[in-house]
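The values are calculated or read from the model by the stated rules, or taken from the named source; none is laboratory data. Predicted model, so just to flag it, every value in this text is computed and none were measured. Note: ideal-geometry Cβ built from the backbone for every residue, glycine included; neighbour counts use all protein chains shown. The accessibility values were calculated without ligands, DNA or RNA, using every heavy atom of the protein model including side chains. Shrake-Rupley method; radii C 1.70, N 1.55, O 1.52, S 1.80 Å.
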Amino acid sequence: MSENTSSLRNFFVYKCLFALTFWNHVSLSVENKLFTPSNNFPEDGSDHNIKSLPLLYTNRPQFKSSSDWVVIQNTTESLSLSEIRDGNVKKLIALLSNFRQGSGLQNLTLTNMSVDWSALMEIFQTVWHSSIEYFNINRVTQLGDVKSYDFDYSGTSMKALTVKKIHITDLYFIQDDLYRIFADMNIADMTIAESEMIHMLCPSSVSPFRHLNFLKNDLTDFLFQKCDTLIELETLILQRNKFESLLKVSFMTSRMKSLKYLDMSNNLLHHDGADVQCRWAASLTELDLSSNQLSDAVFECLPVNIRKLNLQNNQISSVPKGMADLKSLEELNLASNRLTDLPGCSGFTSLQFLNTEMNSILTPSADFFQSCPRVRELQAGHNPFKCSCELQDFIRLERRSGGKLFGWPSAYACEYPEGLRGTELKDFHLSELACNTTLLLVTALLLTLVLVAVVAFLCIYLDVPWYVWMTWQWTQTKRRAWHEHPREQETVLQFHAFISYSERDALWVKNELIPNLERGESHVQLCQHERNFIPGKSIVENIINCIEKSYKSIFVLSPNFVQSEWCHYELYFAHHKLFSENSNSLILILLEPIPPYVIPARYHKLKALMAKRTYLEWPKERSKHALFWANLRAAININLPCSVENRCGETD
């Protein structure tokens, strides 16, 4: 080494807090600019394990040297440079030119680059003919002037290229000039991510690509269609792009004879069924289709030799029987879909792992493990389980499965009925007699007892005693009113509407419904139990009187409503008035959606009303509230007779 270089090295020793042995690795100087080692060296001063030497490019005018790059080769495996600009590209190329094939440098990382196309190509070309095997570029601003470049791919040591966050400022160029450079690279692994790339060309000749990663770009269904040169490709990652057609994706892979893993997650894929059959690569064994827009029809467009399939977070409601025959499938992920039951294994004879978490499964099939004998692990937790007799069989199945239910017991809890919500399934128990109707009938040996059991079942199911008692209450109240006021021919209407609601919905009624109807010029008079029930009378009598004295009956429907016994009374009496007086007095407001399985069996009148009558649905969007109140006022619009009670012409 020259005398100038030795003196420069000695100068560094006094100025920096690094041991002299570190400087035996790299000493770089360029006139008024200096590449200085970072401070991540071992504290003990040893240099035996140093393989990566990051360098930061800084302006250091106090250091001057007339020498060019001074590089000691074969002493470091990795080099990291940052803040590369057009002005220092030539010096960077001069530095990289020292690392010829056979030198020790294998990994190069360039960060925060802002160069034009020709400079970028010169850097690539220099790297291609160096000892570098793994080239990483992060955050590149390509300043334009993209044009054709005669790239020499021969004699390279390169194995993998990773490029992230490329920004091209040139909006007018021939795209093939850009994509051809990357498409024809003779390396095994290439990643171009987060770069808004809209296309990639098929390689001109048989490509050595084995792994391609185009994460988070803008690629579409036109990628690699009819491409015959990717026959060595084993892994293809196209996550977070803009693919839409599952059929075209299958065609894309059909000529990739070595493809084993394909990631198409977080796209816009859908498949509605087609006359043309999907054609997948026969070698494909692992496919990720999670977070797309796929429905049940996806099972007619899947690779026949697939072993691991991810369909999480789609719109699948069931696995159609006979549609898919995936004999090699071992792992299936159906979490976060719309399944209502566990799928069978008639088309998946080799299935070992199944995930159905976070679906809409109320009562899983108890014969699952019989139809799927090879399943070693089932993930079915975090579903809205309905704790009933039918669920008992599934709970017993877990006890016999030998620990095959993943997440048991914490992930398995009752959602319905409300009284058992949060109860873990392992703590839910019903007696055998309560759940086994057959056993109950067998114990009744006599025909009379069987008949009584059948009648009792019908009464419980249809709640006949309850309706008989309600009819009797109605009759008694009407008779009592007739004896107390025999001269009254008809009831005088005092209210526009009677409000029926669950106490759990009282906040909405008091803060939204009543203020919006009673204020202003509408003069709507509402009957509410808290202020209009007469003390001393029974609740049933008060309900009947309020309904009789109201022109309309407003029912605020929600899951809380169907759980309220008193709401059931009010609905019955209002329904009785509807038929006895042939009036149109019912107004239904749907405050919250009511799943059909939440409505008790005896609410068949409510089911019939919701099916046959128009109801007003409370909109979540505030912009639609005004229209809702206008429609409701129109529905109850009537002029009541003037009286002391309703005070015509006054406002509340």
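The spacing between the stretch 162-184 and the stretch 102-137, judged by their C-alpha centroids, is 16 Å.
For the stretch 311-397, a simple Cβ point-charge model (Lys and Arg +1, Asp and Glu -1, everything else neutral) yields a dipole of about 60 debye relative to the Cα centre. In this structure the amide hydrogen of Cys227, modeled in the peptide plane, comes within under 5 Å of no amide hydrogen from residues 5 or more places off or on another chain. In order along the stretch 377-383, the phi-based Karplus estimate (6.51 cos²θ - 1.76 cosθ + 1.60, θ = phi - 60°) of 3J(HN,Hα) comes to 8, 10, 9, 10, x, 6, 10 Hz; Gly and Pro are listed as x. Here the Karplus relation 6.51 cos²θ - 1.76 cosθ + 1.60, evaluated at θ = phi - 60°, turns the backbone of the stretch 258-263 into coupling constants of 10, 5, 10, 10, 9, 10 Hz, with x for every Gly and Pro. Taking Lys and Arg as +1 and Asp and Glu as -1, the other residues whose beta-carbon sits under 11 Å from that of Leu378 total -1. If we count every other residue with Cβ under 10 angstrom of Lys147's Cβ, Lys/Arg +1 and Asp/Glu -1, where does the sum land? The answer is -3. Between Asp150 and Lys90, the FRET efficiency from the beta-carbon distance, with R0 = 22 Å, is close to 0.65. Close amide H pairs (under 5 Å, H built 1.01 Å from N) link Cys414 with Gly422, Thr423, Glu424, Leu425, residues at least 5 positions away or on another chain. Structure shown: which of Lys159/Lys216; Lys159/Lys248; Lys165/Lys216; Lys226/Lys248; Lys510/Lys620; Lys216/Lys242 lie over 20 Å apart, alpha-carbon to alpha-carbon? Beyond 20 Å between Cα atoms: Lys159/Lys216; Lys159/Lys248. Note that the stretch 86-92 has calculated 3J(HN,Hα) couplings of 4, x, 10, 5, 4, 5, 5 Hz, one per residue in order, obtained from phi through the Karplus relation 6.51 cos²θ - 1.76 cosθ + 1.60 (θ = phi - 60°); glycine and proline are x.
Given +1 at the Cβ of Lys and Arg, -1 at the Cβ of Asp and Glu and no other charges, the dipole of the stretch 67-195 around its Cα centre is 300 debye to the nearest 20. The slack in the chain from Tyr261 to Glu194, taken as 0.36 nm per residue of separation less the alpha-carbon distance, amounts to 22.1 nm.
Once the C-beta distance of Gln277 and Glu234 is scaled by a Förster radius of 25 Å, the resulting FRET efficiency is 0.55 to the nearest 0.05. A dipole drawn for the stretch 67-195 from +1 and -1 charges on Cβ atoms has a positive end, and of Asn112, Ile174, Val163 the residue lying farthest that way is Asn112.
For Ser350, the amide hydrogen comes within under 5 Å of the amide hydrogens of Leu329, counting only partners 5 or more places away or on other chains and with H modelled in the peptide plane.
For Glu286, the accessible surface of its heavy atoms amounts to roughly 60 Å² (probe 1.4 Å, protein chains only, rounded to the nearest 10). Based on protein heavy atoms only, the stretch 67-195 ends up with 42 Å² per residue of surface accessible to a 1.4 Å probe.
Under 16 Å from a label point 7 Å along Cα→Cβ of Arg421: give me every residue in the stretch 501-533 with its amide N that close. Answer for the stretch 501-533: 502-507.
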